[in-house]
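To keep things clear, I will list the structure first and then write my remarks on it.
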Ligand code: SF4
């Protein structure tokens, strides 16, 4: 399973990631994106969101297993 994080300093709250992968991201009350659970079937959408974020605020984190 992938793990992603949002750089809240960079995030401009455009909501694009939420539109692309609504199960993986949500906008917080402060108007910044937050990561929910990244299910395996959502991974391609999450990848698309990472590539689509206009400020590059979403990054993938290596999970040490
Ligand atoms: Fe923030 Fe990027 Fe998501 Fe827009 S696409 S809400 S800038 S993380």
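Side notes on the structure shown:
- Matching residues in the stretch 18-29 - criterion: being part of a loop (DSSP other than H, G, I, E, B), surrounded by fewer than 17 Cβ atoms within 10 Å (Cβ to Cβ) and within 11 Å of the ligand (Cβ to nearest atom): 28
Residues are listed down the side, and each one gets a yes or a no for (1) touching a helix residue (DSSP H, G or I) at 6+ places or on another chain (Cβ under 8 Å); (2) over 13 Å from residue 58 (Cβ atoms); (3) free of Cβ contacts under 8 Å to residues at least 24 places away in the same chain; (4) near the ligand (Cβ under 8 Å from one of its atoms):
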| position | (1), (2), (3), (4) |
| --- | --- |
| 4 | yes, no, no, no |
| 11 | no, no, no, yes |
| 16 | yes, no, no, yes |
| 33 | yes, no, no, yes |
| 38 | yes, no, no, no |
| 41 | no, yes, yes, no |
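- Test: residue in the stretch 38-59 that is at pLDDT below 95, part of a loop (DSSP other than H, G, I, E, B) and loosely packed, with under 14 Cβ neighbours inside 10 Å: no
- Which numbered condition residue 63 misses (of (1) out of contact with any strand residue (DSSP E or B) (no Cβ under 6 Å at 6 or more places or on another chain); (2) in a loop (DSSP other than H, G, I, E, B); (3) at pLDDT below 95): (1)
The values are calculated or read from the model by the stated rules, or taken from the named source; none is laboratory data. In this text, all values refer to a predicted model and were calculated from it rather than measured experimentally. Neighbour counts run over all protein chains shown; Cβ positions are idealised from the backbone, glycine included.
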